[in-house]
Amino acid sequence: MLSDEKRRKEYDEARSLFGGGFRVPTGQRPGQGGFGGFDLGDIFSGTGDGGGGLGDLFGTVFNRGGRTNTAQNRARRGADVETETTLTFGDAIDGTTVALRLTGEGPCPVCHGTGAKAGTMPRVCPTCNGTGQSSRNLGSFGISEPCKDCHGRGLVVDDPCPECSGSGRAMSSRTIQARIPAGVADGQRIKLAAKGAPGERGGPAGDLYVRVHVKPHPVFGRSGANLTVTVPVTFAELTLGAEVKVPSHRGAPVTIRIPPGTPNRRTFTVRGKGVRRKDGTTGNMLATVEVMVPKDLNSKARSAIEELREATAGQDPREELLERAKEA
Ligand SMILES: [Zn+2]
Ligand SMILES: [Zn+2]
C-alpha cells in the first residue's frame, strides 16, 4: 500500500509530525491501540472519504465536524447485557413477549460522552498526542502503556461535565420488548442479537442474554418437550382395569385406558399433548398412575377389603423378595 512514492513521503512527514506516536498497529485488533485506531490503509489507499493523503489525515485528526479522532473517538460495539425474566408455565410453553428493563452504562446524556462541561470541548492530550499510550524506552526496546495524564482516553477535560464528573459515562435504563420463543425451559439462556447496549460512534449494539425462570405449575411438569402429570388411581382401577380422565394443558381432559393388572407408577403416553418444538412437532404428555390409599373407609368398603385379604391370604408378595435376598 506504500508503493506510491508521494504518499510514502507524506507518511514520513506525518510520522515525524506526530513524534513517533504514529505507528502501524501490528499484532493488534483493528481499532485498538496505534494512532487512535486509525487505519493507515485508509490514508494511503486513496479510498478514504477525503480521497486519502495527508490533508485527510489532518482533517480526521483535528476536529473535523467538531470531533477529534483519538482513543475516545472510535466506533465501539455495545456491551453484551445479561438479564433475567420469570415466566408462567403456560407462557414458557406458548412463547410470549416480555418487557425487560435494562440498566447499563452508556454515554452521559448531558455531555454526550465527551465528559466536558456544556460549551467546552475536551482537548487532545498533549502528553500522548491523543494516542492514549505512552512509550518508554528500556534499553534496546520500548514498552507502551496507558498515558498517565489522560488515563488512556487520549483526551483531557479542563472543565468537567457536572453530571458525570468528566467521565463521559452515565447509568441509564431503558425498557425493551423481548420476544421469548415457545418452549423455553426453566434456566435456559436466550440470546437476542443486537438487543444489548447500544454501540458508540456508529458501532453495532451488543447482544442481550435473557436467563429464563419458569414458575412451576400446580399439576404439570416438563421433561424437554414432554409434559408430565401424576394421576391418582384406586387399587381397584389398576387391578380390574378402568378408563380414567386425565387433564391436558390448555385443552379438554383426555381419557386413558388402564388395562387390568397395571402396576403402580406405570406411565402412559398421550401423543401430541406436550410442548411444541421449534421444528413444529409436538411432544407428548406422560401420565403416571399412582395408587391413592384411602385414610377413611365406610363399613361396606372396609368389609370388602377384609374379604379381599382373606381371599388372598395364600399369596405372600414378599416371598420372592426374601428368596432372592439370599443370592450371593
Ligand atoms: Zn457528562
Ligand atoms: Zn494522554
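Near Glu82, the amide H atoms lying under 5 Å from its own belong to Tyr209; only residues 5 or more places off or on other chains count, and H is placed 1.01 Å from N. Ignoring solvent entirely, what values of log10 I(q)/I(0) come out of the Debye formula for segment 210-261 at 0.14, 0.18, 0.19, 0.21 Å⁻¹ when each Cα is a single scatterer? Ignoring solvent entirely, the Cα scatterers give -0.49, -0.71, -0.76, -0.86.
Computed on segment 101-200, the Cα convex hull volume stands at 160 Å³ per residue. Here the simple spin-label model places points 7 Å from the Cα toward Cβ, and for Gln315 and Asn137 these points are separated by 10.0 nm.
Our summary gives segment 74-184 a relative contact order of 41 percent, counting only alpha carbon pairs under 8 angstrom and 6 or more residues apart. Sorting 254-264, 289-299, 118-128 by average packing, meaning the other beta carbons within 10 Å per residue, from highest down gives 118-128, 254-264, 289-299. If R0 equals 30 Å, the separation of the Cβ atoms of Lys191 and Met171 corresponds to a calculated FRET efficiency of about 0.80.
Using the count of nearby Cβ atoms within 10 Å as a rough guide to exposure, how do Leu238, Leu155, Leu192, Leu321 rank from fewest to most?
Listing Leu238, Leu155, Leu192, Leu321 from fewest to most nearby Cβ atoms yields Leu321, Leu192, Leu238, Leu155.
Averaging the sequence gap over all C-alpha pairs within less than 8 Å and six or more residues apart, then dividing by the number of residues, gives segment 98-150 a relative contact order of 20 percent.
Under the simplified labelling scheme, the Ser223-Arg250 pair shows an inter-label distance of 2.2 nm, with each label point 7 Å from Cα along Cα→Cβ. A cut-off under 12 angstrom between Cβ atoms defines the neighbours of Glu84, and their net charge, with Lys, Arg +1 and Asp, Glu -1, is +1. Counting only the Cα atoms, segment 171-311 fills a convex hull of 163 Å³ per residue. Segment Thr267..Ser299, full-extension length gain: 8.2 nm, with 0.36 nm per residue of separation and the alpha-carbon distance subtracted.
May I ask you to derive the FRET efficiency for Glu327 and Thr239 from their Cβ-Cβ distance with R0 = 30 Å, giving the value to the nearest 0.05?
The computed FRET efficiency comes out at 0.50.
For segment 167-233, the gyration tensor built on C-alpha atoms gives a prolate shape. Its axis ratio a/c (a ≥ b ≥ c) is at least 1.5, and a/b is the larger of a/b and b/c.
If the chain between Glu163 and His112 were fully stretched, how many nm would it gain, using 0.36 nm times the residue separation less the Cα-Cα distance? Don't skip to the end; give the middle numbers.
Values: separation 51, 0.36 × 51 = 18.36 nm, distance 1.07 nm.
Extra length available between Glu163 and His112 comes to 17.3 nm.
In this calculation the C-beta distance from Ser144 to Thr281 is compared with R0 = 41 Å, giving a FRET efficiency of 0.10.
Rule-based calculations on the coordinates, nothing more; no lab input. The structure displayed is predicted, hence computed values, not measured ones. As a convention, Cβ positions derive from the backbone with ideal geometry for all residues, glycine included, and neighbour counts pool all protein chains shown.
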